[in-house]
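Taking it in order: structure first as structure tokens, then the write-up.
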Amino acid sequence: MACASAGGCGGAGGGCYKDEEEKQVLFSENQNQHHYICLKCKVEESISSSSGDFTSDLCFVCFRSNLFGKFKQSITTNDLISPTDKVLVAFSGGHSSRIALQFVHELQEKAQKNSEASKDKAYPVFGVGVAFIDETNITSLELDKAIEDLRLIASSLSPPEKELHIMPIGNICSSDPVEGRNKMSELLCNVTDATGKEDLLRYLRMLCLQKIAYDNQYTKVVLGSCTSSIACHIISATVKGQGYSLPADMQYIDARWEIPVVLPLRDCVAQELKMLCCLDSLKTLEVLDGPRSGINGLVSSFIQVLLEENPGRERTIVRTAEKLSPFHFNRLPEESKDSNNSHLPSRWRRRKKQNLKSHDESMTSEFLCPICFSPLTKSDFESLTMKLGSSDTCSESEIFGSSCCPSCQFQILPKEHSSMEQFYSLLPQPMIARAPKESMNGDQAWLREQIKDCLLSDGEDGT
């Protein structure tokens, strides 16, 4: 190429430096173009968030397909949702629960189309409901707008139609809304520790979800817990001394509740879910998502610092904790699976069976903390039986307090006797019902049931 300059550039070897510049520009453009091509389809441009805090090497279609694939694989591999189920999706207003709701809807919508397309229409389609727990205890224009948006979100996800359940958290304490709100406020005032107060709210929220599910004949509760929230829980639970019960909270299935709880988004990170909400224009209710406090807030900030150094730290934390053995209730009972699927066509029953190595396969029950529902260690249970068995005059509040795990005793229960009595009187009935009502000397049947695996038979003398 001849130099276009008037006097020539006099480049060495007859070459023009302008030609070299053009080559460098073309090379850089090609490099940039290659960098932004989707690594999966090799056609579309990859995506990145406008804020720059999350990038992906995939295009939008592949990115969404990848996330939905993780969701669907967790469901099919672990048998989280069967065609005969009626599932209740817990919606908090955040990104994770919004994606869980959207993906469950798409799964249901596809099942509905397959059922309608079948000749005999014999394929059942699982039902879906949406639950929102109102924890504000106040009424405001901002909250009213959020509730209105929530109704619009639920109504937009049809057909099939989804029933919306909105329950003030105080209703778990009393059926009367005003009385329930007052009792809830008074109950929380008795908890002086910021972390304990936040954790107690989380436990009460689960009680509300269980009540909604039970009253409306739901068979599963779907939570939006993802890799990020589970990673935070792993660290915070360890700090609080809940290491023994930690495996119970991070599995795909948690069947210690009357209505089993499932986590289909367990393998997705929060940044991916937030990104998808933005790209898919899915409305969230951020006004209802308040900041964390106490230990939970510190751990959340700590995880964010780790992510700045290595975005994969959340997955590393969860993978490390997966080495802990889950409990026997972290799977669905086989008879439940068989009864749900026995009448279905064979291809519906072709599910991969979960292979979990539990703490103790011979144990058919665990003694659970009446507040957080965490399994007690053997030493904690032995301390409980010794303490209650040595006294005939324990009050119900004392028995309840002694039945709690060490973490709840330290962070939630009041230390003063009078405050404990008041705290106990304000607790919701489902939580009180979990603890033994009398001292061990007055409830031998309960004690024998809990330690039956350790008792000697009539023909054994203990030598």
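The values are calculated or read from the model by the stated rules, or taken from the named source; none is laboratory data. The structure displayed is predicted, hence computed values, not measured ones. With ideal geometry, Cβ positions are generated from the backbone for all residues, glycine too; neighbour counts draw on all protein chains shown. Heavy atoms of the whole protein, side chains included, go into the accessibility calculation; ligands, DNA and RNA do not. Shrake-Rupley method; radii C 1.70, N 1.55, O 1.52, S 1.80 Å.
Restriction of the trypsin sites (Lys or Arg not before Pro) in region 292-326 to DSSP coil positions whose beta-carbon has at most 10 other beta-carbons within 10 angstrom yields LYS323. Sorting VAL178, VAL269 by solvent-accessible area of protein heavy atoms yields VAL178, VAL269, largest first, with a 1.4 Å probe.
Between ARG434 and GLU396, the distance separating the two model label sites (each 7 Å from Cα on the Cα→Cβ line) works out to 1.7 nm. Within the accessible area of region 131-278, the carbon and sulfur atoms contribute 53%, probe 1.4 Å, all protein chains present.
What is the sum of charges around PHE103, taking Lys and Arg as +1, Asp and Glu as -1, for the other residues whose C-beta is under 14 Å from the C-beta of PHE103? Neighbour charge sum, excluding PHE103 itself: +2. The residue list ILE169, ALA131, LEU187 was ranked by how far each Cα lies along the charge dipole of region 124-226 toward its positive end, using unit charges on Cβ atoms, and ALA131 comes out on top.
Report, in listed order, any pair from LYS220/LYS323; LYS72/LYS110; LYS72/LYS211 with a Cα-Cα distance greater than 19 Å. Violating the 19 Å limit, Cα to Cα: LYS220/LYS323; LYS72/LYS211. Normalised radius of gyration (Cα atoms, divided by 2.2 N^0.38 Å) for region 225-293: 1.30.
Annotation: SER46 carries an accessible surface of approximately 20 Å², with a 1.4 Å probe and no ligand, DNA or RNA atoms counted. For SER156 and LEU324, the difference between the fully extended length at 0.36 nm per residue and the C-alpha to C-alpha distance is 56.4 nm. Among the GluC sites (Glu not before Pro) in region 260-331, those located in a DSSP loop and surrounded by at most 16 other Cβ atoms within 10 Å of their own Cβ are GLU322.
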